[in-house]
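First comes the structure, then the notes that go with it.
The values are calculated or read from the model by the stated rules, or taken from the named source; none is laboratory data. Note that the structure is predicted; figures quoted are calculated from it, not measured. Cβ coordinates were reconstructed from backbone atoms using ideal geometry, including for glycine residues, and neighbour counts include every protein chain displayed.
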Amino acid sequence: MNKFMQPAFLLRAAIAIGYIVLGILLLTMPLTIKILNKTTQPLFAVVLLAYGSFRMYRAVQLLKEENGKNE
């Protein structure tokens, strides 16, 4: 099986991509959410982008570790 088609990796990658997309949408959307004002919305978007990037990095690292054990 292709190492990128493992269900655990796909789930981790999908969640990470979701965080990244949500961060991009918060940065680019002209409307504001009632909970977030004009200062906190970009900050929250940057935090979501950073967390999504971290989750993607960890998903790839875990995939490499799992494949190292199996070989």
Item to complete: Evaluate the following for LEU43: is it over 30 Å from LYS3 (Cα atoms) and either assigned to a helix (DSSP H, G or I) or basic (Lys, Arg) (or both)?
Response: yes
Discussion item. Here's a check for you: in the stretch 14-39, which residue that is more than 13 Å from the chain's Cα centre (by Cα) and surrounded by 13 or more Cβ atoms within 10 Å (Cβ to Cβ) is farthest from MET56 (Cα to Cα)?
Written reply: LEU36
Practice prompt. Specify which of the listed residues (GLN61, GLN6) is out of contact with any strand residue (DSSP E or B) (no Cβ under 8 Å at 6 or more places or on another chain) and either touching a residue at least 12 places away in the same chain (Cβ under 8 Å) or surrounded by 14 or more Cβ atoms within 10 Å (Cβ to Cβ) (or both).
Written response: GLN6
Worksheet item: If you scan the stretch 1-16, which residues turn out to be of a type in the set (A, V, I, L, M, F, W, C) and touching a helix residue (DSSP H, G or I) at 6+ places or on another chain (Cβ under 7 Å)?
Response: PHE9, ALA13, ILE15, ALA16
Worksheet item: If you scan the stretch 43-71, which residues turn out to be in contact with a helix residue (DSSP H, G or I) (Cβ under 6 Å, 6 or more places away or on another chain) and modelled with pLDDT under 95?
Response: ALA45, ALA59, LEU63, ASN67
Worksheet item: Is there any pair with a first residue in the stretch 18-34 that is modelled with pLDDT of 85 or more and a second that is small (Gly, Ala, Ser) and assigned to a helix (DSSP H, G or I) whose Cβ atoms are under 6 Å apart and which are 6 or more apart or on different chains, and what are they?
Response: TYR19/GLY52; ILE20/GLY52; GLY23/ALA45; LEU26/ALA45; LEU27/ALA45
